[in-house]
């Protein structure tokens with residue numbers, strides 16, 4: 001790959017544009033491939049403060065629109081608060097089950113979909129669309145760019161946690177306004193992700209929903225198009 | 001950290017819940033810390049097919065709500081198409097500049113904010129909210145969960161690319177409907193990210209907007225709250 005160590009006026013600012021050594025590259029791919037959405041495997045052991053600090057720093061190194069850094073991380077350790085969130089989940093999840101066709105409801109109800117109380121730490125990740133000021137570079141034309149930045153931070157957090165042997169589960173079956181009320185999160189912020197975080201008994205070798213027969217993974221090729229949208233790549237959506 | 005290799009009924013499914021070896025963990029953190037939003041450093045060299053396949057496979061390993069896999073990746077190599085997208089950017093960017101207060105407009109116009117034509121590959125990443133069927137596990141109560149899944153795929157792609165020495169720049173100063181029309185993307189899909197992808201002369205050691213004095217990074221501690229929202233963490237938003 002070309003290098004430009006002899007190019008004037010740029011060298012002092014630039015790290016070489018080269019690939020990581022194979023072992024390091026493979027480690028990145030391993031974090032990506034073995035990251036799991038953890039629900040039922042949490043252990044109660046607390047997370048070491050240094051480890052948590054590294055994971056949060058990784059989240060904060062995410063890209064953000066106009067460098068607006070719209071994310072916040074509300075750490076929830078108190079069991080009483082986590083129990084209140086778990087009650088919000090339980091109610092929402094009962095509602096959710098009823099939305100599926102009758103033949104899937106029984107299977108839905110067997111799935112464990114959260115570790116809110118069993119994980120020792122929850123992290124509520126929010127996004128503040130006003131963080132960057134009234135006009136934000138890069139946020140002038142497309143909607144939701146602050147949310148996208150915040151999700152990048154969550155994915156950084158998730159991968160860093162995997163490398164630390166820490167499991168993360170993202171819970172989205174929640175009444176957002178009620179969670180915000182419990183945590184005192186200001187009205188203008190969006191709740192983007194509610195994460196359960198902790199050491200784990202282990203990581204499944206495949207996505208749990210696939211293992212349990214809920215849905216299968218596509219081949220990546222079905223999602224790749226060349227020089228414009230190529231129709232007929234996907235199977236029709238299942239009628240569920 | 002506890003292991004459960006002797007726990008009945010689970011072991012066959014679970015990889016050990018342990019941290020990566022230090023060197024591997026550090027490689028993950030290095031990808032996260034040195035990933036940059038690349039605009040001006042692209043080289044014209046094409047990306048090797050195997051490398052691109054690895055990067056796309058990493059994107060496709062992202063978590064998705066209900067395993068819905070809502071993302072698609074439209075690869076754009078033809079220069080004529082990239083030139084049309086660049087024209088859409090140019091118009092949007094001229095509009096964007098005018099939204100800033102007078103004293104920032106001149107600085108805004110000096111910033112290079114895209115590599116649409118200089119990068120040999122663009123990837124338009126879309127999200128299909130109907131991909132998982134009429135009712136999607138995990139998408140019953142919070143909005144935009146498909147978008148969040150798709151952003152996780154983009155961040156996976158970005159980090160994998162960094163480990164491969166490939167630069168990625170996310171362009172959001174675009175008229176979404178016009179880009180979708182050029183690429184023939186169906187109406188129901190959201191355009192989430194428009195990425196410029198290619199080998200680079202190098203990677204900046206800090207976010208470019210910080211280097212160029214547009215905005216500074218906060219300390220991560222300003223974004224962390226304990227057991228509920230703790231006010232007064234952030235400086236007031238700048239008046240720009």
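Throughout, read-outs are computed from the coordinates displayed, never taken from laboratory work. In this text, all values refer to a predicted model and were calculated from it rather than measured experimentally. When we count neighbours, we look across all protein chains shown, and the Cβ atoms used for this are built from the backbone with ideal geometry, even at glycine.
Here are the numbers for the structure shown:
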{"quantity": "Helix B:79-99 axis, angle to chain B major axis (alpha carbon atoms, nearest 10°)", "calculated": "80 degrees"}
{"quantity": "Using a 7 Å Cα-to-Cβ projection, residue A:98 label spacings across copies, nm, ascending", "calculated": "5.2"}
{"quantity": "Angle between chain B longest axis and helix B:49-60 axis [Cα atoms, degrees, rounded to 10]", "calculated": "70 degrees"}
{"quantity": "Between 0 and 90°, nearest 10: helix A:22-34 axis offset from chain A longest Cα axis", "calculated": "20 degrees"}
{"quantity": "Label point distance in nm, residue A:175-residue A:13, each placed 7 Å from Cα along Cα→Cβ", "calculated": "5.2 nm"}
{"quantity": "Label geometry 7 Å along the beta-carbon vector: residue B:111 inter-copy distances in nm", "calculated": "4.0"}
{"quantity": "Bridge type composition, the stretch A:37-213 - antiparallel percent by DSSP, nearest 5", "calculated": "95 percent"}
{"quantity": "Inter-copy label distances at residue B:46 (7 Å, Cα→Cβ; nm, one decimal)", "calculated": "5.7"}
{"quantity": "Of A:226, A:41, A:187, the one that fluctuates the most in a GNM where chain A has Cα springs shorter than 10 Å", "calculated": "A:226"}
{"quantity": "Three-way shape call for the stretch B:92-149 based on the alpha-carbon gyration tensor, with the a/c threshold at 1.5", "calculated": "oblate"}
{"quantity": "Whole-number percent relative contact order across chain A, with pairs defined as alpha carbons under 8 Å at least 6 apart", "calculated": "30 percent"}
{"quantity": "Extension gain from residue B:77 to residue B:109, taking 0.36 nm per residue of separation minus the Cα-Cα distance", "calculated": "8.8 nm"}
{"quantity": "Pair residue A:217, residue B:91: separation of 7 Å Cα→Cβ label points (nm)", "calculated": "4.1 nm"}
{"quantity": "Chain A: most fluctuating residue of A:58, A:92, A:27 per GNM, C-alpha cutoff 10 Å", "calculated": "A:27"}
{"quantity": "Chain A: most fluctuating residue of A:192, A:18, A:179 per GNM, C-alpha cutoff 10 Å", "calculated": "A:18"}
{"quantity": "Cα gyration tensor, the stretch B:1-123 - rounded (a/c under 1.5), prolate or oblate", "calculated": "prolate"}
{"quantity": "Theoretical ellipticity at 222 nm over chain B - DSSP helices of four or more residues, -39500 (n - 2.57) apiece, nearest 500", "calculated": "-11000 deg cm²/dmol"}
{"quantity": "Residue A:226-residue B:130 pseudo-label distance in nm [points 7 Å out on the Cα-to-Cβ vector]", "calculated": "2.7 nm"}
{"quantity": "Whether the protein assembly as shown is rounded, prolate or oblate, judged on the alpha carbon gyration tensor where a/c under 1.5 counts as rounded", "calculated": "rounded"}
{"quantity": "Sorted largest first, extent of the stretch B:68-206 alpha carbons per principal axis (Å)", "calculated": "48, 35, 32"}
